[in-house]
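The values are calculated or read from the model by the stated rules, or taken from the named source; none is laboratory data. The shown structure was predicted, so the numbers you read here are calculated from the model rather than taken from an experiment. Cβ: placed from backbone, ideal geometry, glycine included. Neighbour counts: every protein chain shown. Only protein heavy atoms, including side chains, enter the accessible area calculation; ligands, DNA and RNA are left aside. Shrake-Rupley method; radii C 1.70, N 1.55, O 1.52, S 1.80 Å.
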Amino acid sequence: MVGMTEINVREFRDYAAGLAQQAASLILTKRAEITATDDIRSHSQTKTSAVDPVTEVDTAAEAFIVDSIHRDRPDDGIIGEEGADIPSKSGVSWVIDPIDGTVNFMYGLGEYAVSIGAMVDGQYVAGVVINVVKQTLYSAAVGHGATVTYRDGTSTILRCRQETDPQLSLIATGFGYTQTRRSGQAKILQEVLPQVRDIRRMGSAALDMCRVAEGTVDAYYEHGVKIWDVAAGIVIAREAGAQVRVPEVWEKNSARGTLVWAASAELAPAFERLLSSVGANGEID
Ligand code: LIP
C-alpha cells in the first residue's frame, strides 16, 4: 500500500483541481443545452425519495471524472455518488460528488459544486471543491494549507473565523430527503436556533465545509451526509484550522443519519457541547 511519505499530496490536489474545473465546464454546457429547449427536471430521476433527484448531468459529470481517473491512474480506487465503485490496488482512492447541491442545480440556484477528495490508506489527504456557477475553487492538501481561487485568478489562504461564542455564531446546516429524518432534524434545529446567531441552509454540504474554512459561516453540522459530500471539504476545513468530526467508519452507501460537523478550533469545544446538549450527537433515523 502507498505510504504518505511516498506520495505528493499536492499532486493529488492539483490533479483533482484540473478534473473539477473540466467537470464544472461540462456541467454548465450540458445544463445550458438542456434548458435551451426543455425543463431540467424532465432530465432527472429520483433516488431515495421523490425529492432526492439525480439528473443526467450528474451522471455525465461523474462518468467524465471516473473515465479520466481510470485513464490516468488505473490502479486507484473510485467512489462516486452516482454509482462508481472501483476498489483501489494502489492504496489511493478518489471520492466524488459530481454535483453536490443537485436540488439547487435543478432549480437554477447558483450554489452547487463538484467535489473530489483523495484518500490514501483510508486517510483524507487532499480535496477540491468548485462552485460551478461562481467558478470559485477551494483546494487543500494535508500539511499544505487551504486556498480559494476566484474566477479572476486571484487566490487567498483560507482561515476559519475565530468566534468562540455559539450565541454569536452563524451556523450552516442541511436536511435529508425523507420525512422521518427531516422531522428529527427539525426537532434538533428548534433547540439549536435560539442558542446561535442564526442558521443558514444553502443546500451543499461540500460548499458548507468550504464556508467554515473561509469564515463565511462559523460552523456547519448535518446528519446523514455521505462521504462523497464532504471527503474534499474535510481536508479543506481542517487545513484552514477547523476541527471536523466525521464517522470513524463510513460505509459508502450507508443510510445512517450520523452526525458530521466542522467548526473553528476556537468555537469547537462550545459548539460540541451545544450539539450534545440538544441530543444531536446521536444518529437520526
Ligand atoms: C446534498 C448535501 C446537502 C444536504 C442535501 C443533499 P446532494 O447532497 O450536499 O448538505 O442537505 O440533502 O444530501 O444530494 O445534492 O449531492
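The calculated pair-distance distribution of segment 6-115 uses every alpha carbon pair, bins of 10 angstrom beginning at 0, and gives 14, 45, 28, 12, 1, 0 percent. Under the shape rule built on the C-alpha gyration tensor, where the axes satisfy a ≥ b ≥ c, segment 166-277 is oblate, since a/c reaches at least 1.5 while a/b does not exceed b/c. About its Cα centre, segment 12-170 has a charge dipole of approximately 400 debye under the convention of +1 per Lys or Arg Cβ and -1 per Asp or Glu Cβ, with nothing else charged. Here the mean projected area of the convex hull built on the C-alpha positions of segment 93-218 is 9.2 nm².
Treat every Asp and Glu Cβ in segment 180-236 as -1 and every Lys and Arg Cβ as +1, leave all other atoms uncharged, and give the resulting dipole magnitude about the Cα centre to the nearest 20 debye. All intermediate terms of the calculation are to be shown ahead of the outcome.
Numbers: 8 positive and 7 negative charges, 51 e Å.
Magnitude of the dipole: close to 240 debye.
Summing charges over all other residues whose Cβ lies under 10 Å from the Cβ of Phe105, with Lys and Arg as +1 and Asp and Glu as -1, gives -2.
For segment 215-225, 3J(HN,Hα) computed residue by residue from phi via the Karplus equation (6.51, -1.76, 1.60; θ = phi - 60°) reads x, 8, 9, 8, 7, 9, 9, 6, 9, x, 5 Hz, glycine and proline entered as x.
Placing +1 on each Lys and Arg Cβ and -1 on each Asp and Glu Cβ, with no other charges, gives segment 166-277 a dipole about its Cα centre of roughly 360 debye.
If you take the beta carbon distance between Thr164 and Thr46 as r and set R0 to 30 Å, what does 1/(1 + (r/R0)^6) give as a FRET efficiency, to the nearest 0.05?
Details: r = 42 Å, r/R0 = 1.41.
After rounding to 0.05, the efficiency reads 0.10.
Radius of gyration over Kirkwood radius for the chain, both on Cα atoms: the Rg/Rh ratio is 0.95.
The apolar share of the surface of segment 9-65, taken as the fraction of accessible area on carbon and sulfur atoms (1.4 Å probe, ligands and nucleic acids excluded), comes to 51 percent.
With R₀ fixed at 30 Å, the C-beta to C-beta distance from Val249 to Ser25 puts the FRET efficiency at about 0.25. On a C-alpha basis, how far is the centre of segment 145-184 from the centre of segment 194-221 in Å? Whole number, if you could? Spelled out, the Cα-based centre of one part sits 3 Å from the other. Entry note, the chain: relative contact order of 17 percent, from Cα contacts under 8 Å with a spacing of 6+ residues. Put a dot 7 Å past the Cα of Glu283, heading toward its Cβ, do the same for Asp39, and the two dots end up 3.7 nm apart.
For the cross-link pairs Lys47/Lys134; Lys30/Lys187; Lys134/Lys187; Lys30/Lys226, which exceed 29 Å when the distance is taken from alpha carbon to alpha carbon? List each step's numbers first, then the result.
Numbers: Lys47/Lys134 27 Å; Lys30/Lys187 39 Å; Lys134/Lys187 33 Å; Lys30/Lys226 25 Å.
Result: Lys30/Lys187; Lys134/Lys187 exceed 29 Å.
Couplings 3J(HN,Hα) for segment 150-156, derived from phi with the Karplus relation 6.51 cos²θ - 1.76 cosθ + 1.60 (θ = phi - 60°), are 8, 3, 7, x, 6, 10, 9 Hz, where x marks Gly and Pro.
Starting from the exponent 0.38 and prefactor 2.2 Å, build the expected Rg for segment 130-189 from its residue count and divide its actual Cα Rg by it. The partial results should precede the final answer.
On the way: Rg = 16.7 Å, N = 60, 2.2 N^0.38 = 10.4 Å.
Expressed relative to 2.2 N^0.38 Å, the Cα Rg reads 1.60.
How much accessible area per residue does segment 166-277 have, counting only protein heavy atoms and a probe of 1.4 Å, in square angstrom?
Values: 4340 Å² over 112 residues.
Here the residues of segment 166-277 average 39 Å² of exposed surface.
Rolling a 1.4 angstrom probe over the protein heavy atoms with all chains in place gives segment 6-157 an accessible area of 43 Å² per residue.
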